[in-house]
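**Q** Below is a structure I'd like to ask you about.
Taken together, the values in this text are just the output of simple stated rules run on the coordinates, not laboratory data. No experiment lies behind these values; they were computed from the predicted model shown. Positions of Cβ are backbone-derived with ideal geometry, glycine not excepted, and every protein chain shown enters the neighbour counts.
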Amino acid sequence: MTIKQQGGIFGRNPTFNDANVDNDLTVSGSLGVGTTSPTRTAEIVSSNNVPMRVVSTASISQIRLVASGTTTGATEPAIGAQGDALLLRTNGSTAVTITAAQNIKVNSGNGIDFSATSGTGTSELFDDYEEGDWTPTIFGAGTAGSYTFTTQYGRYTKVGNVVYVTAQLTINTVSTSLSGNVRFGGWPYSSGTNTGLRLTVTSSGVNWDSSTYNHYYGYFAGATTMQLFGVRDNGAQANLSASSFTVGAGDTVTITGFYFV
C-alpha cells in the first residue's frame, strides 16, 4: 500500500500491514511499528535484531538529537556513521569516533574531562596516551664524538604530559671520543619548563671518577639535552666531563625515569 500526499483521510487509529510513504508523513499522537499500543511517541517492536536501518547517500549519515529550546541547525548533537565507523558529533563536528577496529578516537586537543572531581591543579583533561621507540644518543658538549653501537634502543610511554623512558646504549666501536661535558639526546619529546628533573643513569664498564663522586644521574639542562651530573655526600653536584666519565668499546649505559613536556 502506498500513502500518497493528499491521498485521503483515514479514520481514527488506522492500521496498515505495509506502507510506502511518498514525501512527508505527519503523525498526531503516537506511531507504532509492529505494535498497536506504542508507549512512546515512536516505538518499533520486531523480532528482527535490526528493526530499523537509516541510509544516507551523503558521506556522513546521522540522526540529530535536539532538546526543546535549544538552537537547531548544523550544530545539533548527532549520532552518525561514516564508512564502518560510529560517530558522536557535537557543535557541527565529530567529537568521538568508534573505529571499525573498535577503538575509541577523540579529536585532537580534546580528551576525558575529570573536572567533576576538581582539585587545585591547572588541568583535569586527560588528552594523550602514546607508546613507542626512541633512539638515544651520547655526545660531548665540546666534541660530539663518533660511535657505533651494539645496542642503541629506547622505549617510552607518554601519559598526559608525563613521558616515561628507558634506554640502553652499548658501545661497539669508538672512532672519535667525545670531549667536554657528557650529554644524552634523541628524546621522544622535548622537555617542558621543569628542566631540573633527575633521571637514573647506570653503567657497566664505564671508567668514571668514583674517587670524586659517590654517584651520578641525568639532569635536563634544556628541552632536548640531558646533562650527566656527579654528586658526593654533602657536596654540590657538578657536570661530568669525558675525563670523569669515559666510555669505550663494550661499555653500557642505561637510562630510566620520567620527565614532563
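**Q** Please state the relative contact order of the chain as a whole percent: Cα pairs under 8 Å, 6+ residues apart?
**A** Answer for the chain is 12 percent.
**Q** Still on this structure, please answer the following. Give me the percent relative contact order of segment 112-242, please, defined on Cα pairs under 8 angstrom at least 6 residues apart.
**A** 21 percent
**Q** Taking neighbour counts of Cβ atoms within 10 Å as a proxy for exposure, in what order, fewest first, do M226, M52 appear?
**A** In increasing order of surrounding Cβ atoms, one gets M52, M226.
**Q** Going by amide H atoms built from the backbone, whose H comes under 5 Å of the H on T166, apart from near neighbours?
**A** R155
**Q** With a ≥ b ≥ c taken as the square roots of the eigenvalues of the C-alpha gyration tensor of segment 183-225, please select rounded if a/c is under 1.5 and otherwise prolate if a/b is larger than b/c or oblate if it is not?
**A** Prolate.
**Q** Place the peptides 233-239, 186-192 in order of packing, highest mean first, counting for every residue the other Cβ atoms within 10 Å and averaging per peptide.
**A** In descending order of packing, they fall as 186-192, 233-239.
**Q** Quick one: which residues, 5 or more positions from L240 or on another chain, have an amide H under 5 Å from its amide H? H modelled 1.01 Å from N in the peptide plane, none for Pro or chain starts.
**A** For L240, whose amide H was placed from the backbone, the distant partners under 5 Å are V182, L228, F229, G230.
**Q** Right, something else. Take the Cβ-Cβ distance between N20 and S59 as r, set R0 to 25 Å, and report the resulting FRET efficiency rounded to the nearest 0.05.
**A** 0.40
**Q** Still on this structure, please answer the following. Considering the dipole of the chain built from charges on the beta carbon (Lys and Arg +1, Asp and Glu -1) around the Cα centre, which of N17, T72, Q62 is farthest to its positive end?
**A** N17
**Q** Using alpha carbons only, what's the Rg to Rh ratio of segment 10-116 with Rh from Kirkwood?
**A** 1.05
**Q** Work the Kirkwood hydrodynamic radius out for segment 131-260: mean of 1/r over every pair of different alpha-carbon atoms, inverted, in Å.
**A** 14.7 Å
**Q** Here is a further query. Tell me, D18, D84, D113, D251 in order of fewest to most beta-carbon neighbours within 10 Å?
**A** Exposure proxy ranking, most exposed first: D18, D84, D113, D251.
**Q** Go ahead and run the numbers for FRET between T173 and R232, Cβ-Cβ distance against an R0 of 41 Å, rounding to 0.05.
**A** Rounded to the nearest 0.05, the efficiency is 0.80.
**Q** Treating only the Cα positions of the chain as identical point scatterers, give the base-10 log of I(q)/I(0) from the Debye formula at each q in 0.08, 0.13, 0.16 Å⁻¹.
**A** -0.59, -0.95, -1.19
**Q** Roughly speaking, what % of Cα-Cα pairs in segment 60-125 are separated by over 17 Å, rounded to a whole number?
**A** For segment 60-125, the share of Cα pairs beyond 17 Å comes to 53 percent.
**Q** With 10 angstrom as the radius, rank L240, L25, L199, L86 by how many other C-beta atoms surround their C-beta, starting from the fewest.
**A** Least crowded to most crowded, the residues run L25, L86, L199, L240.
**Q** With the chain treated as a Gaussian network of Cα nodes joined by springs under 10 Å, which of S37, S93, S179 yields the largest mean-square fluctuation?
**A** Highest fluctuation among the options: S37.
**Q** How high is the relative contact order of segment 51-146, in percent, with contacts defined as C-alpha pairs under 8 Å that are six or more residues apart?
**A** It rounds to 13 percent for segment 51-146.
**Q** Please state, as a whole number in µm²/s, the translational diffusion coefficient that the Stokes-Einstein equation yields for segment 190-261 at 37 °C and 0.692 mPa s, with Rh defined as the Kirkwood radius across alpha carbon pairs.
**A** 256 µm²/s
**Q** Residue by residue through segment 120-133, which ³J(HN,Hα) values in whole Hz follow from phi under the Karplus form 6.51 cos²θ - 1.76 cosθ + 1.60 (θ = phi - 60°), with glycine and proline marked x?
**A** 9, x, 8, 8, 10, 9, 8, 10, 7, 8, 7, 10, x, 9
**Q** What list of ³J(HN,Hα) couplings, whole Hz, do you get for segment 238-245 from phi and the Karplus terms 6.51, -1.76, 1.60, once you set θ to phi - 60° and write x for glycine and proline?
**A** Going residue by residue, I get 8, 4, 8, 9, 4, 6, 9, 8 Hz, with x marking Gly and Pro.
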